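Data block below; observations after.
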Amino acid sequence: MFDMRIFVLVGIVLCLASAAQAAQGNAVFYKPPYTPSACYGNRNDGTMVTGVSDALWNNGRACGRRYRVRCIRGTNEAPHPCRSGNVVVKVVDRCKTGCNGVLNLSQDAFAKIANPDAGNVIVDYTP
């Protein structure tokens, strides 16, 4: 019985530690083409890509970083903005001033986690 309690306690601690690394912010999307990008120019990195705001850009050191992104709620009155599941995206660009999101997901990535008609949603994102 003692070993089982330790196992459960370790599991809880690990879950809390992983949740503590998650951040929240707004996500918006941009339409193709997804090139050129600030990180890789005209290189095609697929459709599961994102630009990041200055808060994550870190003078370009964000290039290539991957985030697991999950929609948690809408920012407006759009009915049922979130879809279940998550998507992993690669940072390939800098979100230009005025994009209104911490993450500027490709339209393809955004559509995996949210209804594009919502336009702007709140997400959890973890590296």
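Just so you know, all these numbers are worked out from the coordinates, no wet-lab data involved. Fair warning: this is a prediction, and the values are worked out from it, not measured in the lab. Here the Cβ positions follow ideal geometry from the backbone for every residue, glycine too, while neighbour counts run over all protein chains shown.
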Practice problem: First select every other residue whose beta carbon is under 12 angstrom from the beta carbon of Asn120; then total the charges, Lys and Arg +1, Asp and Glu -1. | Solution: -1
Self-check item: Where labels lie 7 Å past Cα in the beta-carbon direction, separation of Ala111 and Asp54 in nm
Solution: 3.3 nm
Exercise. Can you tell me which of 47-55, 76-84 comes out highest on packing, and rank the rest after it, using the mean Cβ neighbours within 10 Å?
Key: 47-55, 76-84
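Which whole-number value in Å³ per residue fits the convex hull of the alpha carbons of region 77-122?
Details: hull volume 3.6 nm³, N = 46.
Measuring per residue, one finds 77 Å³ for the Cα hull of region 77-122.
Residues with beta-carbon under 10 Å from that of Leu56, excluding Leu56: net charge, scoring Lys, Arg +1 and Asp, Glu -1? List each step's numbers first, then the result.
Numbers: positive: Arg61, Arg65, Arg94; negative: Asp54.
Local charge sum for Leu56: +2.
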Self-check item: Protection proxy ranking of 113-120, 26-33 - average other beta-carbon atoms within 10 Å, highest first
Solution: 113-120, 26-33
Quiz item: Can you work out the base-10 log of I(q)/I(0) for region 48-94 at q = 0.16, 0.30 1/Å, using the Debye formula on its C-alpha atoms alone?
Solution: -0.54, -1.00
Quiz item: What is the Cα coordinate range of region 48-127 on the first, second and third principal axes, sorted by size from largest, in whole angstrom?
Solution: 37, 25, 18
